[in-house]
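J.: One structure, as structure tokens, below. Some questions next.
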Amino acid sequence: MTDISLQAVSRHFGKTVALDATSLQIAGGELFFLLGPSGCGKSTLLRLIAGLLEPTAGRIFFSGRDVTDLPTDQRNAVMCFQSYALWPHMTVRQNVSFGLEVRKVAPGERKRRVDEVLDLVRMRELADRKPNELSGGQQQRVALARAVAVSPACLLLDEPLSNLDAQLRLEMRSEIRRICKSAGCTTVYVTHDQKEALSIADRIAVLKDGRLMQVGTPAELYHRPVSSFVAGFVGQTNLIPGTVRHRSAGKLIIETKLGMIQADGIARGDEVILSIRPEHLRLTEGPAAGNHFAAKLVETTFLGESSEHVLSAGESAGAIELKAVSSPPVLLPPGMVQLSCDPASVVVLEA
Ligand code: ATP
């Protein structure tokens, strides 16, 4: 399986720096996500790996081989576009077979391979239909089958689920992971949707303004973000500014508008931002162990398996809005409540 290495790769468009001296290693067979806000450089990075764009500086390697100056087909990279780009006049089977015909694969082997990938995407029974006789999810499966049929060194997916409705997106998430893993190709996947990335990625790179902010597993990014940008972008969080007043043996006491908060961790400077996930803020009846402070419950939304709360805490002039999630649901009338959280759940970030 092909690993991908980017060494100080930049891409400029006139004065715009779409990607800035980015170095990145993607392991063979990995399902690797590029995540970030609009304009952060995700598509640029994907197109550079695909060979659809040339870097302004830096080199790109596939399993140690320098592919920077090679076109897409010679890299054996296959890009799957949002629109699926299926040929409307061809059947499912013909669409999937086409790449193998171009590569002059013998007819017997071609049929075997097409059957194999149609089975993989569970579309063998619909092989004689045309794309306009398929649902959006089925078209997505055919596009994936066509891409993996040619056994690409790397598969590049640009927002592959963006044309599907919410329910189908959920179903296709795990299907895409299953298909990519079974096909055994290294996959780079661009999305805006952090839940999509958290749910199926092996690792995720978070980008902002053409730079990598953090690369890690979903759990690392969620539980150990290195900046308030990553903490706020990957999942919901409460960001609370504060000043370190005491530090000893991996324990900090931080003064905030909510009062003194204890955190497990270290801080280089005194000015910090605390990240506390909504599910780590508990609504309690009375004083609790660990951090606790009074807050005004503004609104509760019942969501079946959980409830989401909007709260306001701190001095009225500079009150901070907080979000908390209770699972199983806690339903209380608006008014004053106690909030508590464990020092181990408080992530200390540089201000
Ligand atoms: P989105 O999520 O909106 O698709 P993105 O993260 O994929 O955004 P890119 O498309 O990589 O972002 O764009 C990064 C930056 O480069 C943006 O500022 C964009 O305007 C600029 N850019 C991209 N392609 C071109 C181009 N062909 N000419 C000029 N500027 C471009």
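The values are calculated or read from the model by the stated rules, or taken from the named source; none is laboratory data. These numbers were taken from a predicted model, which means no experiment stands behind them. Note: ideal-geometry Cβ built from the backbone for every residue, glycine included; neighbour counts use all protein chains shown. Surface accessibility is based on the protein's heavy atoms, side chains included, excluding ligands, DNA and RNA. Shrake-Rupley method; radii C 1.70, N 1.55, O 1.52, S 1.80 Å.
J.: Carbon and sulfur: what percent of segment 264-351's accessible surface (1.4 Å probe)?
T.: 55
J.: I would also like to ask the following. Sort 70-78, 12-20 by packing, meaning the average of other beta carbons within 10 Å per residue, with the highest value first.
T.: Packing proxy ranking, top to bottom: 70-78, 12-20.
J.: Here's something else I'd like to know. Relative to 2.2 N^0.38 Å, what does the C-alpha radius of gyration of segment 36-80 come to as a ratio? Two decimals please.
T.: Cα-based Rg divided by the globular estimate yields 1.17.
J.: A follow-up question, please. In Å², what does the accessible area per residue of the chain work out to with a 1.4 Å probe?
T.: That works out to 47 Å² per residue.
J.: Follow-up question, since we're still on this one. For segment 107-114, take each phi angle, set θ = phi - 60°, evaluate the Karplus expression 6.51 cos²θ - 1.76 cosθ + 1.60, and give the result in whole Hz per residue in order, putting x for glycine and proline.
T.: x, x, 5, 4, 5, 4, 5, 5
J.: For segment 139-187, compute the orientation-averaged projected area of the C-alpha convex hull (one quarter of its surface), in nm².
T.: 3.1
J.: Let me ask something else. What does the helix-only formula give at 222 nm for the chain: each DSSP H stretch with n ≥ 4 adding -39500 (n - 2.57), the total divided by the residues, and the result rounded to the nearest 500 deg cm²/dmol?
T.: Calculated at 222 nm, the ellipticity per residue is -7500 deg cm²/dmol.
J.: Compute from the Cα atoms of segment 68-181 the Rg and the Dmax, the latter being the longest Cα-Cα distance, and quote both in angstrom.
T.: 13.7, 41
J.: I would also like to ask the following. Please state the shape class of the chain: rounded when a/c is under 1.5, otherwise prolate if a/b exceeds b/c and oblate if not, all from the C-alpha gyration tensor.
T.: Cα axes put the chain in the prolate bin.
J.: Take the chain, connect every pair of alpha-carbon atoms lying under 10 Å apart with a spring to form a Gaussian network, then pick out the residue of Leu168, Leu100, Leu281 with the largest mean-square fluctuation.
T.: Leu168
J.: So what is the relative contact order of the chain, in percent, for Cα pairs below 8 Å that sit 6 or more residues apart?
T.: 16
J.: Is the shape of segment 151-233 best called rounded, prolate or oblate, per the rule: a/c under 1.5 gives rounded, else a/b larger than b/c gives prolate, else oblate, with a ≥ b ≥ c the square roots of the Cα gyration tensor eigenvalues?
T.: prolate
J.: Hey, can you grab everything whose amide H is under 5 Å from the amide H of Thr284? Only 5+ residues off in sequence or another chain; H modelled, so Pro and N-termini drop out.
T.: Here the answer is Gln338, Leu339, Ser340, since their amide H atoms fall under 5 Å of that of Thr284.
J.: Hey, another quick one. Search the structure for amide H atoms under 5 Å from the amide H of Lys251, placed 1.01 Å from N in the peptide plane, and list their residues when 5 or more places away or on another chain.
T.: Gly265
J.: Within a Cβ distance under 9 Å of Gly210, other residues only, what is the Lys/Arg minus Asp/Glu net charge?
T.: Result for the neighbourhood of Gly210: +1.
J.: Could I ask something else about it? Over the heavy atoms of Lys195, what accessible area does a 1.4 Å probe trace out, to the nearest 10 Å²?
T.: Its heavy atoms expose roughly 130 Å² to the probe.
J.: For segment 115-260, what is the convex hull (Cα atoms) projected area averaged across all directions, in square nanometres?
T.: Here the figure is 12.2 nm², rounded to one decimal.
J.: Tell me, what does the Kirkwood hydrodynamic radius of segment 118-158 come to in angstroms if you use every pair of distinct C-alpha atoms?
T.: 10.8
J.: If you don't mind, another one. Taking a quarter of the surface of the Cα convex hull of segment 259-347, what do you get in nm²?
T.: With the hull built on Cα positions only, its mean projection is 6.0 nm².
J.: Please list the non-local residues whose amide H lies under 5 Å from the amide H of Val17, H modeled 1.01 Å from N, same-chain partners needing a gap of 5 or more.
T.: Placed amide hydrogens put nothing under 5 Å from Val17.
J.: Something else about it: Springs between alpha-carbon atoms under 10 Å, Gaussian network over the chain: tell me which of Ala319, Ala153, Ala219 tops the mean-square fluctuations.
T.: Maximum fluctuation in the GNM of the chain, among the listed residues, is at Ala319.
J.: Within 10 Å, at most 16 other Cβ atoms, and a DSSP state outside H, G, I, E, B define an exposed site. Report the longest part of the chain free of exposed GluC sites (Glu not before Pro).
T.: Result for the longest clean stretch: 1-284.
J.: Tabulate in residue order the Karplus-calculated ³J(HN,Hα) for segment 238-254, using 6.51 cos²θ - 1.76 cosθ + 1.60 with θ = phi - 60°, rounded to whole Hz; enter x for Gly and Pro.
T.: 9, 10, 10, x, x, 10, 5, 10, 7, 9, 7, 6, x, 10, 10, 10, 10
J.: Which entries in Lys208/Lys251; Lys195/Lys323; Lys15/Lys42; Lys42/Lys181; Lys208/Lys323; Lys42/Lys130 show an alpha-carbon gap greater than 27 Å?
T.: As for pairs spanning more than 27 Å Cα to Cα, those are Lys208/Lys251; Lys42/Lys130.
J.: Please list, by residue number, every one of the trypsin sites (Lys or Arg not before Pro) in segment 85-115 that is coil in DSSP and has at most 15 other beta-carbon atoms within 10 Å.
T.: Arg103, Lys104
J.: Quick one: what are the phi-derived ³J(HN,Hα) couplings along segment 90-100, Karplus 6.51/-1.76/1.60 with θ = phi - 60°, whole Hz, x for glycine and proline?
T.: Karplus-based 3J(HN,Hα) across segment 90-100 equals 9, 6, 3, 4, 5, 4, 6, 6, 4, x, 6 Hz.
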